[in-house]
Amino acid sequence: MLLAKGYEVHGVLRRSSSFNTDRIDHLYQDPHDPGARLFLHYGDLSDGSGFRALLEQVEPDEVYNLGAQSHVKVSFHQPEYTADVDALGTLRVLEAIRAYPSTGREVRFYQAGSSEMFGSSPPPQSEGTPFHPRSPYAVAKVYAYWQTVNYREAYDLFACNGILFNHESERRGETFVTRKITRAATRIKLGLQDKLFLGNLDAKRDWGYAADYVEAMWLMLQQDEPDDYVIATGQIHSVREFVERVFDRLDLDWREYVAIDPRYFRPAEVDALCGDASKARKKLGWQPQVTFEELIERMVEQDLELARQERVL
Ligand code: GDP
C-alpha cells in the first residue's frame, strides 16, 4: 500500500538461515535499480541499538511497528520471548524515536495494538472499553499500548495505537484459524488431505480484510493530532460458522472432515470480539469495503489455485 502511494519503504527483516520473504517476494526490486523504492535491512525488535542506527541511516517520516511474536497460542509456550519482542520491543522503538531528533525531524509512529487486549471484556468493544488480556501476547500488547500513550503524553511524540480486530487475507499465516481452514478445506476438496483438526469452534471473532485495515493505519498518521482508534467491521461470527461457510462453498459437509484436537485449546480463551469503529468512521472517514462473504471467497479462490498447483506437482 505504501509503495502504491509513492513512498520509499524500508523493511526490517530478521535473519534466518532459510528464506523468509515469501509474502513480499513479488514486491522485491533489485536495490541497484535506480527506480527501487523497497529496501530491506536486517534487524530485530530485541536489538534496540540496531534499530537506533537504522533510524539514523534511513531518516524515516513514518514508522509502523507491525513486528511481533503474533500467535496467541504460541505466546503461552514462549511468554518471556513474546514479552521481550512485543512489549519491550515497542519500548526500544519508542526510545529510539525519542532520542532521534538530532536532525530536528518529526517521526510519526504507528503501534499495532490488538483486539486481544480487550480479552474477556464483553462486546461491543470500543476505545473506552477496559482491557482484560487473556494471554501473554495480549498482556505484552497492553504494555506496548500504554507505553505508546505515555510517550505521546510525556514527550509529545506523534504516536498512535491502532486497535485492530482480526484481519485476514490470502496472505494470512497458515497457523491462524481462517487460513488454516481455507487451506485445509481446499486441499480436502482436491483429495490432498482428509482431515482438519481444530480447537475451540465456539470462539467468536470480528474478521475483516487486511487491505482495508492497512489503509486505516496510514490514515491515523495523516491526521493533525495523534490518537488511538479501534478498527473493525462490527460483524461477529463463530469459528464454526467460518468452517461451515468455507466447506459449503466447496460443496462439502464439514462434519465429515473436521475433528477436535484439544492441543489447539488455549489455557485462557477470548470468547467474543466485536469492535465498534464509530470513532474511525467519524474522524478518519474509514470504513471496511470487503464483506465477510467476499473475504471467504477471496481466500478460498486463492487456496484452491494453490491446491491445484500442488496437485500438478
Ligand atoms: P486470534 O484471535 O489472534 O487468537 O487468532 P486465531 O486465528 O489464532 O484464533 C482465532 C480463534 O480461533 C481463537 O479463539 C482460537 O481458539 C480459535 N481456534 C479454534 N481452532 C483453532 C486452530 O486450530 N488454530 C488457531 N490458530 N485457532 C483456533
Spans of helices (runs of 4 or more DSSP H) in region 49-113 with at least 2 residues surrounded by 14 or more Cβ atoms within 10 Å (Cβ to Cβ) and within 16 Å of the ligand (Cβ to nearest atom): 72-77, 79-82
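Can you work out which of the residues in region 261-283 that are part of a helix (DSSP H, G or I) and either of a type in the set (Lys, Arg) or in contact with a Lys or Arg (Cβ under 6 Å, 6 or more places away or on another chain) (or both) is nearest to the ligand (Cβ to nearest atom)?
Arg263
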Near pairs, Cβ below 9 angstrom, 6+ apart or cross-chain, from region 146-160 (in contact (Cβ under 8 Å) with a residue 12 or more places away in the chain) to any residue that is of a type in the set (Val, Ile, Thr) and not in a helix (DSSP H, G or I): Leu157/Val107; Phe158/Val107
Subset of region 157-169 [within 15 Å of the ligand (Cβ to nearest atom) and touching a Lys or Arg at 6+ places or on another chain (Cβ under 6 Å)]: Asn166
Selection count, region 16-34, where residues are closer than 18 Å to Leu66 by Cβ and either touching a residue at least 60 places away in the same chain (Cβ under 8 Å) or assigned to a loop (DSSP other than H, G, I, E, B) (or both): 4
Arg187 being within 23 Å of Arg263 (Cβ to Cβ), among the basic types (Lys, Arg) and in a helix (DSSP H, G or I): yes
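Just a yes or no: is a residue in region 131-142 more than 23 Å from Pro267 (Cα to Cα), surrounded by 18 or more Cβ atoms within 10 Å (Cβ to Cβ) and modelled with pLDDT of 95 or more?
Of region 131-142, the ones more than 23 Å from Pro267 (Cα to Cα) are none.
No, the conditions are met nowhere in region 131-142.
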Residue match in region 36-48 (condition: more than 30 Å from Asp261 (Cβ to Cβ), crowded, with 18+ Cβ neighbours inside 10 Å and within 17 Å of the chain's Cα centre (by Cα)): yes
Those residues of region 187-236 which are away from the ligand (no atom under 16 Å from the Cβ) and of a type in the set (S, T, N, Q), in sequence order: Gln222, Gln223
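The values are calculated or read from the model by the stated rules, or taken from the named source; none is laboratory data. Keep in mind it's a predicted model, so treat the numbers as computed, not measured. Neighbour counts are summed over all protein chains in view; Cβ atoms, including those assigned to glycine, are modelled from backbone coordinates with ideal geometry.
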